[in-house]
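*Asks:* Quick one: the structure is below, questions incoming.
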Ligand SMILES: Cc1ncc(COP(=O)(O)O)c(C=O)c1O
């Protein structure tokens, strides 16, 4: 009998992955995944880039690269990030293999078995898995309409068995769909200052805003780089170019960067050079901003279609957010309705989503669910939301 590591016992199979299998049934309308629409990928632009690489660029693409990333991409990405006001000169930038790896590196850097970490409830499932696989004790802090609840955060920050870090997704939260207010971000910083609790700021969706009015709210907390709190900023090419590139990044204070570089060396030595060359050229040829503009517009159309449908079809006692960016709408059903029962009915009728329990660090929530509008056209949204709204109206009755 192979003797597996004890740390594996804290990992449960991702319900998202299990549901994805159902989501591939022919004809089913899937609001389950958080992946961009295949039809929106910049395939022609990338073909053009590949066909016009110099010999030196081609060779770089096939070769191993430095652990922290190809210098040319670090430079071009650095300029892109400087546009968000991020402090590139006083921190260090590292390319990672998706931002999932960025989160996993930080988990390895900080967590000893049994350490407490603070997360939002609900929380991105990939972060929950990364923290649990390092045997962390997760404490979920609730969200309200402006962000994480400060009263709960203050209580946690005062505890003697202090958490190692707080992980936040303030920009078009996955799964909550929420955009933090500037005031709430400021309160997070003041609460953490002087506590030695590191802040991990995950900005996977910030570029996918729908309304220009929101731009001031998209300035990362890291941009101010306040004294007295270490902020580790993560981002990704996945939602603004393609997840198949497997490229993300970390912007870190030097001492944390050094640890993450060592850990990355032991994991994959470097992120794929091939896709780093493509991403670098995508930025340098001025293709990134127009591409983001295009997908942002498309996702906004889909979000508005879904919101209008929900408005028309849902019973008034279901709470949900009208998204201002990103991929997700979060629904809270009346307490007596079980989201799993609604899911079963919906799948029977041809539509799938993810139940909220998946994103609860303790796996308890029973009456919430996440809808993604990123991977369905308007027709599918209209049909699928009608199915889900009917399933909600039928409550817990199973066919
Ligand atoms: C909030 C958040 N962070 C990080 C990731 C990881 O993305 P990737 O590893 O593709 O960069 C995702 C993916 O869905 C996400 O939703």
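Read-outs: derived from the displayed coordinates by stated rules, not from any lab. Model, not experiment: these values are computed from the prediction. Please note: Cβ atoms are built from the backbone with ideal geometry, for glycine as well, and neighbour counts cover all protein chains shown.
*Asks:* Using packing as a proxy for protection, rank 101-109, 75-83 so that the peptide with the highest average count of other Cβ atoms within 10 Å comes first.
*Replies:* 101-109, 75-83
*Asks:* Please arrange 259, 25 by how many other C-beta atoms lie within 10 Å of their C-beta, fewest to most.
*Replies:* 25, 259
*Asks:* Let me ask another. Please give the Cα centre distance for the stretch 71-124 versus the stretch 328-354, rounded to the nearest Å.
*Replies:* What the calculation gives is 33 Å, centre to centre.
*Asks:* Once both labels are modelled 7 Å past Cα along the beta-carbon direction, what's the residue 158-residue 41 spacing in nm?
*Replies:* 5.2
*Asks:* How do the peptides 200-212, 142-154, 120-132, 340-352 rank, highest first, by the average count of neighbouring beta carbon atoms within 10 Å per residue?
*Replies:* With the highest mean Cβ count within 10 Å placed first, the list reads 120-132, 200-212, 340-352, 142-154.
*Asks:* Taking only C-alpha pairs under 8 Å that are 6+ residues apart, what is the relative contact order of the chain in percent?
*Replies:* For the chain, the relative contact order is 24 percent.
*Asks:* Quickly rank 236-247, 378-389, 288-299 as a protection proxy: mean count of other C-beta atoms within 10 Å, highest first.
*Replies:* Top of the packing list down: 236-247, 378-389, 288-299.
*Asks:* I'd like the antiparallel share, as a percent to the nearest 5, of DSSP beta bridges with both residues in the stretch 54-284.
*Replies:* Details: 12 of 28 bridges.
Of all bridge pairs located within the stretch 54-284, approximately 45 percent are antiparallel.
*Asks:* Find the all-direction average of the projected area of the Cα convex hull for the chain, expressing the result in square nanometres with one decimal place.
*Replies:* Reported value for the Cα convex hull: 20.9 nm².
*Asks:* Now for a separate question. Taking every DSSP beta bridge that has both residues in the chain, what percent is antiparallel when rounded to the nearest 5?
*Replies:* Of all bridge pairs located within the chain, approximately 55 percent are antiparallel.
*Asks:* Let me ask something else. Taking the Cα centre of each part, how many Å lie between the stretch 310-327 and the stretch 187-266?
*Replies:* Taking the Cα centre of the stretch 187-266 as reference, the centre of the stretch 310-327 is 28 Å away.
*Asks:* Report the label-to-label distance for residue 378 and residue 344 in nanometres (one decimal), using points 7 Å from each Cα along the Cα→Cβ vector.
*Replies:* 3.6
*Asks:* Something else: When each pair of different Cα atoms in the stretch 170-314 is counted once in the 1/r mean, what is the Kirkwood radius in angstroms, to one decimal?
*Replies:* 17.5
*Asks:* If the viscosity is 1.002 mPa s and the temperature 20 °C, what Stokes-Einstein diffusion coefficient in µm²/s follows for the stretch 54-284 when Rh is the Kirkwood radius over Cα pairs?
*Replies:* Details: Rh = 17.9 Å.
The calculation lands on 120 µm²/s.
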